[in-house]
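Everything below concerns the one structure shown next.
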Amino acid sequence: NAGVTQTPKFQVLKTGQSMTLQCAQDMNHNSMYWYRQDPGMGLRLIYYSASEGTTDKGEVPNGYNVSRLNKREFSLRLESAAPSQTSVYFCASSGRTGGDTEAFFGQGTRLTVV
Amino acid sequence: RKEVEQDPGPFNVPEGATVAFNCTYSNSASQSFFWYRQDCRKEPKLLMSVYSSGNEDGRFTAQLNRASQYISLLIRDSKLSDSATYLCVVNIPPGGKLIFGQGTELSVKP
């Protein structure tokens, strides 16, 4: 019963370093999402993918890139990390294209950029 | 203006109280609405979907007012275990991006 799996769970980066956050789901869902959560800000959508082969910007896409590698996997890349990208990152997936069904979340990645 | 807005609280209530959370959304074409619960910065989990006619699940009642672009969550007979952050979520067309409100923190005291 894996659901949505994110890796890594914790990461510390130096300013300017790059990294990729991995996300995989085993529920055969069409839609996948990346969010960041900062204190007092709720979850803000970075990018989403309504179906395999498509990606779209969310509320806060600057500084990030994504790849929908296949139906299962949706990765988030920070090309040059900045302290402002210190946050908790959540990946999610939902069943039907269009996001009209329940979204399931991974356990989050706690990223600190120093 | 944010696409989904909530009162961030915090709401501090005694056990047994009734508490209501409100949420407004800006895109009148939105079709799907949800309430999620989040504990201590863990991953959010679905509490309930919100249907046009309103819906109830035990002590929880969700309502949708399309004319005012407003959804609500009512919790009756609050329990200590209801302490959490409640997140309003709206499906924004086109493409179905799921946008969260900033969350409302609830603390239920003995």
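The values are calculated or read from the model by the stated rules, or taken from the named source; none is laboratory data. In this text, all values refer to a predicted model and were calculated from it rather than measured experimentally. Counting neighbours? That spans all protein chains shown, and the Cβs are built from the backbone with ideal geometry, glycine included.
Can you confirm whether B:A17 is in contact (Cβ under 8 Å) with a residue 60 or more places away in the chain and within 13 Å of chain A (Cβ to nearest Cβ)? Walk me through it before giving the result.
Details: in contact (Cβ under 8 Å) with a residue 60 or more places away in the chain: yes; within 13 Å of chain A (Cβ to nearest Cβ): no.
For B:A17, the condition - in contact (Cβ under 8 Å) with a residue 60 or more places away in the chain and within 13 Å of chain A (Cβ to nearest Cβ) - is not met.
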Given the residues A:L76, A:L111, which is the only one that is more than 20 Å from B:E3 (Cα to Cα), within 11 Å of the chain's Cα centre (by Cα) and modelled with pLDDT of 95 or more? A:L76
By residue number, the members of the range A:39-52 that are within 19 Å of A:E102 (Cα to Cα) and within 8 Å of chain B (Cβ to nearest Cβ) are A:G42, A:L43, A:R44, A:L45, A:Y48, A:A50
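Taking the stated definitions as given, is A:R36 more than 7 Å from chain B (Cβ to nearest Cβ), buried (at least 18 other Cβ atoms within 10 Å of the Cβ), basic (K, R) and within 17 Å of B:R41 (Cβ to Cβ)?
Numbers: more than 7 Å from chain B (Cβ to nearest Cβ): yes; buried (at least 18 other Cβ atoms within 10 Å of the Cβ): yes; basic (K, R): yes; within 17 Å of B:R41 (Cβ to Cβ): yes.
Taking the combined requirement at face value, the residue satisfies it.
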Check on A:Q25, closer than 25 Å to B:V90 by Cα, of a type outside the set (A, V, I, L, M) and within 8 Å of another protein chain (Cβ to nearest Cβ): no
So A:A92 clears everything in (1) in a strand (DSSP E or B); (2) more than 11 Å from every other protein chain (Cβ to nearest Cβ); (3) closer than 19 Å to A:F10 by Cα except one condition, right? Which one? (2)
Output the residue which, of all residues in the range B:16-39 that are within 14 Å of the chain's Cα centre (by Cα) and of a type in the set (S, T, N, Q), is nearest to A:L43 (Cα to Cα). B:Q38
I'm trying to understand the selection: among the residues of the range A:10-43, which are touching a residue at least 40 places away in the same chain (Cβ under 8 Å), in a loop (DSSP other than H, G, I, E, B) and closer than 24 Å to A:G95 by Cα? A:D26, A:M27, A:N28, A:H29, A:N30
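Does B:E3 meet the test of being acidic (D, E) and in contact (Cβ under 8 Å) with a residue 12 or more places away in the chain?
On the way: acidic (D, E): yes; in contact (Cβ under 8 Å) with a residue 12 or more places away in the chain: yes.
Here the answer is yes, as B:E3 does meet what is asked.
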What's the number of the only condition in (1) in contact with a Phe, Trp or Tyr (Cβ under 6 Å, 6 or more places away or on another chain); (2) within 14 Å of another protein chain (Cβ to nearest Cβ) that B:A84 fails to meet? (1)
Counting only residues that are assigned to a loop (DSSP other than H, G, I, E, B) and of a type in the set (K, R), which one in the range A:58-89 is farthest from the other protein chains (Cβ to nearest Cβ)? A:R72
Residues satisfying the stated conditions in the range B:70-95, i.e. in contact with a Ser or Thr (Cβ under 6 Å, 6 or more places away or on another chain) and at pLDDT 95 or above: B:L74, B:R76, B:S83, B:Y86
State the number of residues belonging to the range A:58-86 that are out of contact with any helix residue (DSSP H, G or I) (no Cβ under 9 Å at 6 or more places or on another chain) and under 28 Å from B:T104 (Cβ atoms). 9
If I go through the range B:52-110 residue by residue, how many of them are basic (K, R) and in a strand (DSSP E or B)? 2
Going by the conditions given, is A:T55 within 11 Å of chain B (Cβ to nearest Cβ) and out of contact with any helix residue (DSSP H, G or I) (no Cβ under 8 Å at 6 or more places or on another chain)? yes
